[in-house]
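Undergrad: One structure, as structure tokens, below. Some questions next.
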Amino acid sequence: RSGFESRLPCDGVGKPWSVAMRLDKPCVVMYLNVLSHEECDRLIALSRPKLKISTTIDNKTGEAKAHEHRSSQGTFFKLRENDFIREIDERLADIMKLPIENSEGLQILNYQVGGEYRPHFDYFPPEHPGSSLHIEKGGQRVATLILYLNDVEAGGETILPEVSLKIAPLKGAALYFSYFHQGKVDPMTLHGGCPVVAGEKWIATKWVRESNYNKPE
């Protein structure tokens, strides 16, 4: 059963963000005001010079490869790479109530007109041989937070087809969903990014693992 809330305060007094929507099964939460517009603009400016073609994980080998289902450019920031990124990393950990050490570095993605990411899972499907390579470090992915860095002129919505949910990008807002509980993944969190019809789309993605992902090698 789903429950919807309108701009309720999130986890304490004085937090800048608020909850706009909550879905119980699967667990999906839409937050407003997670990033300021200035922070969004700064992330885009820092990312633009180092964008590269995005890849996906090969199900059989676990290798990262370009794929026709994903048409975007992207880059990463290491966890706590600088003071600006550290502040964002810590804020996202606070919102998700998950250990910052379990999180992967912030990923930035840019989609031009026609760019999309067809429905997929963020967790590593246990039935795929290539997943074991990624689960070795930090375990399974347990949750995702997608940050919207700009207002898209047309298109670019995030969809969860299993629950008929479509979220339009809103600058500074974020979409959270979790998908790993008691050793089981949740296929209802199948999601994708609709094609950009006009303008461009910028997002930042934070993935979180079961355990510490940032232990020294």
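Undergrad: Given only helices, namely DSSP H runs of n ≥ 4 each adding -39500 (n - 2.57), what is the per-residue ellipticity at 222 nm of the chain, to the nearest 500 deg cm²/dmol?
TA: Working: 3 runs with 30 residues, N = 217.
Using -39500 (n - 2.57) per qualifying helix, the result is -4000 deg cm²/dmol.
Undergrad: Also, I was wondering about something else. Hey, could you pull the Cα Rg and Dmax for the chain, both in Å?
TA: 16.4, 47
Undergrad: Past 31 Å, Cα to Cα, is the threshold; run 15/166; 97/201; 25/52; 52/184 against it and keep the listed order. Spell out each step's value before the answer.
TA: Values: 15/166 26 Å; 97/201 27 Å; 25/52 35 Å; 52/184 33 Å.
Violating the 31 Å Cα-Cα cut-off are 25/52; 52/184.
Undergrad: Under the definition of Cα pairs under 8 Å and six or more residues apart, what whole-number percent is the relative contact order of the chain? Mind showing how you got there, number by number?
TA: Numbers: 496 pairs, mean separation 53.2, N = 217.
25 percent.
Undergrad: Continuing with this model, one more query. For segment 75-161, just say rounded, prolate or oblate: build the C-alpha gyration tensor, square-root its eigenvalues into a ≥ b ≥ c, call rounded for a/c under 1.5, and beyond that prolate if a/b exceeds b/c, oblate if not.
TA: Details: a/c = 1.93, a/b = 1.08, b/c = 1.78.
It comes out oblate by the Cα gyration axes.
Undergrad: Enter the accessible area of residue 78 (Å², nearest 10), with the probe set to 1.4 Å and all protein chains included.
TA: For residue 78, the solvent-accessible surface is approximately 150 Å².
Undergrad: Of the heavy-atom accessible surface of segment 70-138 (probe 1.4 angstrom), what whole percent is carbon and sulfur? Can you show the working numbers first?
TA: Details: 1640 of 3200 Å².
Its accessible area is 51 percent carbon and sulfur atoms.
The values are calculated or read from the model by the stated rules, or taken from the named source; none is laboratory data. Bear in mind that the values here come from a model prediction, so they are computed numbers and not experimental data. Note: accessible area is taken over every heavy atom of the protein model, side chains too, but ligands, DNA and RNA are not part of it. Shrake-Rupley method; radii C 1.70, N 1.55, O 1.52, S 1.80 Å.
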